[in-house]
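**Q** Dumping the structure here so I can ask a few things about it.
The values are calculated or read from the model by the stated rules, or taken from the named source; none is laboratory data. Small disclaimer: the values here were computed from a predicted structure and weren't measured. Cβ: placed from backbone, ideal geometry, glycine included. Neighbour counts: every protein chain shown. Heads up: the accessible areas ignore ligands, DNA and RNA and are worked out on the full protein's heavy atoms, side chains in. Shrake-Rupley method; radii C 1.70, N 1.55, O 1.52, S 1.80 Å.
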Amino acid sequence: MNIFDLNNKTHLRILKEELHRVDRLILEYNEQSIWQSMTTAQKEQAMLSVDDDLGPDLADEYSQEEWLKIPDVITNRIDLQKYSTEKPDRHSMMFTRSLIRGINNRAKEDANAAKFVKAYLGKTLANRVEDLTSQQVKDLMDKLHAFQASLSKFVPPTPEQEADSVNNMATIINQDRIDNPGFSRD
C-alpha cells in the first residue's frame, strides 16, 4: 500500500487537518504583519476591545509584545483586519462608493429605509454610512435590499405571463431580423 494513497480515509483526514493548520499559520503570519504596522495607540485599542472578556489591563501588558508571543486566548478574540493598512484596489473602492451612494439615496427616498440604516449604524457604533468598512457596507446593502423587498407589494409573474413574455420577445427579435437583414446581433 502506498502511503500517499488518498483514497484511504485516514490519509484524507490527515491531509485535511494539515491543510487547516497551514491556513491558520498563514492567517497568523498575515496578522503579525498587520500588528507590526499598527501604532501603539491602535494596539492598545485592539487590546482594550477584549478587556471585558478577559479582565482589565491587557492593553498595558501586551501592547508592546510581538503578535505571535501574545497568548492565543487573546489573539483569537481580536480582529486585526480593520487595522490593516493595505489599500483596497481601485475597483473595490469604486464599488463600495457606489453602494454608499445607493444606500444614502434609498435612505433619502424612503423613511423605512432611513430607519433601517439608522438602526444598522447604531449596532455598528458608526455615525454615518461612510464610516463603515467595505464589508459592512456590502452587508448593509444586502440587508437593506432584503428589508425593502419584504415590504414590497411586488407579485412575481405567473408561468403563463413569463411564457407570453418570452414569445413576445421572440416575435420582436424575428421582426427586427426581417426589418434589418444585413445587421447581425448574434
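**Q** Round to a whole number: what % of the accessible area of region 89-161 belongs to carbon and sulfur, probe 1.4 Å?
**A** C and S atoms contribute 56 percent here.
**Q** Follow-up. Using a/c under 1.5 as the rounded threshold, could you call region 85-178 rounded, prolate or oblate? The axes a ≥ b ≥ c are square roots of the C-alpha gyration tensor eigenvalues, and prolate needs a/b larger than b/c, oblate otherwise. Kindly include the intermediate steps, with their values, before the conclusion.
**A** Numbers: a/c = 3.66, a/b = 1.86, b/c = 1.97.
Judged from the Cα gyration tensor, region 85-178 comes out oblate (a/c at least 1.5, b/c at or above a/b).
**Q** Which of the lysines could a cross-linker span from K123 if the Cα-Cα distance has to be under 26 Å and same-chain partners fewer than 8 positions apart are dropped?
**A** Within the straight-line limit of under 26 Å, K123 reaches these lysines: K43, K82, K87, K108, K115, K138, K143.
**Q** R0 = 30 Å: FRET efficiency of H20 with K82, Cβ-based, nearest 0.05?
**A** Calculated value: 0.75.
**Q** Next up: Quick check: pseudo-label points 7 Å beyond the Cα along Cα→Cβ at V166 and S152, how many nm apart are they?
**A** With each label placed 7 Å out from Cα toward Cβ, I get 2.2 nm.
**Q** How much of E18 can a 1.4 Å solvent probe reach, expressed as accessible area in Å² and rounded to 10?
**A** Its heavy atoms expose roughly 80 Å² to the probe.
**Q** Note the full-extension length gain between V73 and M93 as 0.36 nm times their separation in residues minus their Cα-Cα distance, in nm to one decimal.
**A** Computed gain between V73 and M93 is 3.8 nm.
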